[in-house]
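Note sheet for the following structure.
The values are calculated or read from the model by the stated rules, or taken from the named source; none is laboratory data. Just so we're clear, the structure is a prediction, and the values are computed from it rather than from any experiment. A quick note on method: Cβ atoms are made from the backbone with ideal geometry, for glycine too, and the neighbour counts reach across all protein chains shown. Heavy atoms of the whole protein, side chains included, go into the accessibility calculation; ligands, DNA and RNA do not. Shrake-Rupley method; radii C 1.70, N 1.55, O 1.52, S 1.80 Å.
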Amino acid sequence: CPYFGLKEVLDFPSWETLPGEEIAPSPDIVGKRLSILHTLLSEKGPHLVVCPLQAVLQKIASPEHLNCHKWKKGDAVKFSDLAAFLSHLGYRRSPVVADKGEFALRGGILDIFPIASTDPYRIEFFGNTIEGIRTFDPIGQRSIAKADSVFLCPAQESKLSATIFDYLGKETVVIFDDLLALEDKYVSLQSLSGAKSSSFLTFDDLMKAIKNSPRIFWTKETAQELSDVQLNKKVGRAFY
């Protein structure tokens, strides 16, 4: 990362399940994915994003449908609309917040456990204005520490119509690391029924998505080992 002059590598994970499977992906993974997408939209680059092949092929929400928010002290948020707003984002209302994806309302206080966070938050309102933000212990329900802000993203990924490249600039350089391993992985994904889902790119789709981007291919093998190579009849110094 220091080689590229960057302080952070964005490690964009794939779902541990495949599209078409009747298993919801982990909230931790969904939260990390949406947090990274929000970073790509809201923070100026350059960015270094590392993706496994499955994460690249998995379709994601388009930038206009990402619907992530960062609330700070002093922000105006209509308290009476919170229940409907959070339910629309996929959060479940509960008397007490103990797990990710839950929220509770009482008086002028919102307790919520964002899926992109390691801790739940207690947000105090005065009317429609955020007066204070604290983390709290989901077991003892006691406040722990003041927080400057809270990042809130949807509790699940939906409206999957875009790719990771829709979040990257036109000058993005795409590096394929270990071509043979990527080919083996793609064949493995193709053999699974989920990989044929409409929410999963084919390799042709992938190449079309990056047709205008500079591409670099890294491999341990020589070009002759990867494909048939036709050599000029001239040999030795005359070849060059």
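Which of the residues belonging to the range 28-46 are modelled with pLDDT under 90 and within 13 Å of Val9 (Cα to Cα)? Selection gives Gly45, Pro46. Please tell me if Ala55 is open to solvent by less than 50 Å² (accessible area, probe 1.4 Å), among the hydrophobic types (A, V, I, L, M, F, W, C), touching a Pro at 6+ places or on another chain (Cβ under 7 Å) and part of a strand (DSSP E or B). Taking the combined requirement at face value, the residue does not satisfy it. All conditions in (1) polar (S, T, N, Q); (2) modelled with pLDDT under 95; (3) not in a loop (DSSP other than H, G, I, E, B) hold for Gln141, with the sole exception of (3). Looking at the range 168-185 only, could you name the residues that are surrounded by 15 or more Cβ atoms within 10 Å (Cβ to Cβ) and within 14 Å of His47 (Cα to Cα)? Residues satisfying the conditions are Leu168, Thr172, Val174. Scanning the range 115-138 for residues that are β-branched (Val, Ile, Thr) and surrounded by fewer than 19 Cβ atoms within 10 Å (Cβ to Cβ) returns Thr118, Thr129, Thr135. Apart from one condition, Arg142 fits all of (1) touching a Phe, Trp or Tyr at 6+ places or on another chain (Cβ under 9 Å); (2) surrounded by 14 or more Cβ atoms within 10 Å (Cβ to Cβ); the exception is (2). On the stretch given as the range 33-52, residues that are of a type outside the set (Ser, Thr, Tyr) and over 13 Å from Ile164 (Cα atoms) total 4.
With respect to the conditions (1) at pLDDT 85 or above; (2) out of contact with any strand residue (DSSP E or B) (no Cβ under 7 Å at 6 or more places or on another chain); (3) open to solvent by 50 Å² or more (accessible area, probe 1.4 Å), Phe165 falls short on a single one, namely (3).
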